[in-house]
Every structure is written in structure tokens, then in C-alpha cells.
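Inspection log for the structure reproduced underneath, given as C-alpha cells.
The values are calculated or read from the model by the stated rules, or taken from the named source; none is laboratory data. Please read these numbers as outputs of a predicted model, since none were measured by experiment. Quick reminder, even Gly has a Cβ in these numbers, built from the backbone with ideal geometry, and neighbours come from all protein chains shown.
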Amino acid sequence: MEDSSQMENVMPDARGVSLQAGKGESARTQIPTVNPLQTEKIRLRALEPRDVDLLYRWENDPEVWKVSNTMTPFSKFTLQEFIKTSTTDVYASRQLRLMVEDWKGNTVGAVDVFDFEPFHRRAGIGILIAKDYRHNGYAEEAVRCVCQYLFSVFQLRQVYCNVMVDNEISLKLFRHIGFQPSGVQKDWIRTQNGYTDVLILQLINEHEK
């Protein structure tokens, strides 16, 4: 449950986001902007026991398996244990899952931080947006938010993701945010139609030397 790619379709390959608070600018100003875990559209929060049904549905969706390197279904017990043992201490676990909520309280997806390396100051990221909430800009908003969080709180030098070369939606999204392709993993993912390459994309924090 860690990986990085298909944005609004996905959970990025290989392990990886509109709030209407009211009409007019006065409604928007009611939403705090100093918290690195939230924007005007979404907020990122820790896993809760109530998330087990959502995770069960998402993790057992064959559409997601292609990009999450999953080959077998997850039981609710396994996911309950995952939530129970999950920690927000990324320094200890080297990974972190955050749920994505809109400002109406709907849980629209999840962001994964994986391979966190505090010495090298880097981490991989992955994103999944639930089918009912895709094509609303939540994926981009969540990726921007988690990058802001990792850069400002953990002072990381860079974040990266792995995206299959035929995943045009994710490639377009990451590039729009500022990620740059830096390498190719040849024949990295085996599919029903053979092997496919995976692109490595990086976003460098130019404010952190």
C-alpha cells in the first residue's frame, strides 16, 4: 500500500484534488491557509478506524491493482490491523498515509508518502482519488498540498513519483505541478500485454539547499 501514479484514476505506480464554503470571497477567507495540511479545497488527515470500509473498497478494486502492484485482495481484518498499527511518526516507519477530505467532510482519496529518507531528504509520493470524486481537481490539489507539507515541515530537498509511460493522465498532472522526468525503468511493470516502462519524475525544492 505504498506507490506513485494514475492521479485521478489511481494510486501512482509502484510504490505514489472544489470546496464551496459559500458564495463570494468572504466565505473563502473563513478557511485557514497557514496549515500545511490544508488548502482552500481540501485537507489531509490521519487514518481513522472509520476508514476501513473505504480502504477495503479502494484496495480491492482491480482497476487500481495495475498501478499499485497488488495481486491479491485485502481482507477487512488486514486493513483494520494496518490502520491500528499505522503511525504518524514518519521517521520511524519511513512511510505515511494521509486521507484527503473536501471541506464538506467527504473523504475523496488518499495520499501515500513512502521511502522517506531523512538523511537524503527525499520521499516518494502516491495518490488515489475515489471514482466518484475524480475530474474535480482533487488529485492536483492533494499532490500540491502534500509537497508543501513535506517541503515546509520536513524540509525535504525533493519528492518523486513513478509513473507508467502509458499513464497520460498522471504524467500530465505531475508535469503541470512541476515534476520533471529524470529517468526510465525499462520493462519495469508486467501487464497482460507484456512489459511497460516506468518514468521517474522529480520535484526539487529550490528553497532548500
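Anything in the range 141-165 that is surrounded by 19 or more Cβ atoms within 10 Å (Cβ to Cβ) and in a helix (DSSP H, G or I)? List them, or say none. Correct list: GLU141, ALA142, VAL143, CYS145, VAL146, CYS147, TYR149, LEU150, PHE151. Which number in (1) in a loop (DSSP other than H, G, I, E, B); (2) at pLDDT 70 or above marks the one condition that ILE31 misses? Of (1) in a loop (DSSP other than H, G, I, E, B); (2) at pLDDT 70 or above, only one is false for ILE31: (2). Annotation note: Cβ proximity below 8 Å between a residue of the range 163-180 that is more than 12 Å from ALA139 (Cα to Cα) and among the charged types (D, E, K, R) and a residue that is at pLDDT below 95 and in a strand (DSSP E or B) (sequence gap 6+ or interchain) occurs for ASP166/THR196. The residue of the range 85-127 that is nearest to the chain's Cα centre (by Cα), among those that are among the basic types (Lys, Arg) and over 14 Å from CYS161 (Cα atoms), is ARG97.
For the range 167-209, filtered to residues that are over 19 Å from the mean Cα position of the chain (by Cα) and part of a loop (DSSP other than H, G, I, E, B), the residue that is surrounded by the most Cβ atoms within 10 Å (Cβ to Cβ) is GLU208. When the range 82-110 is filtered for residues that are of a type outside the set (A, V, I, L, M, F, W, C) and over 20 Å from ALA123 (Cα atoms), the ones remaining, listed by number, are LYS84, THR85, GLU101, ASP102, LYS104, GLY105, ASN106, THR107.
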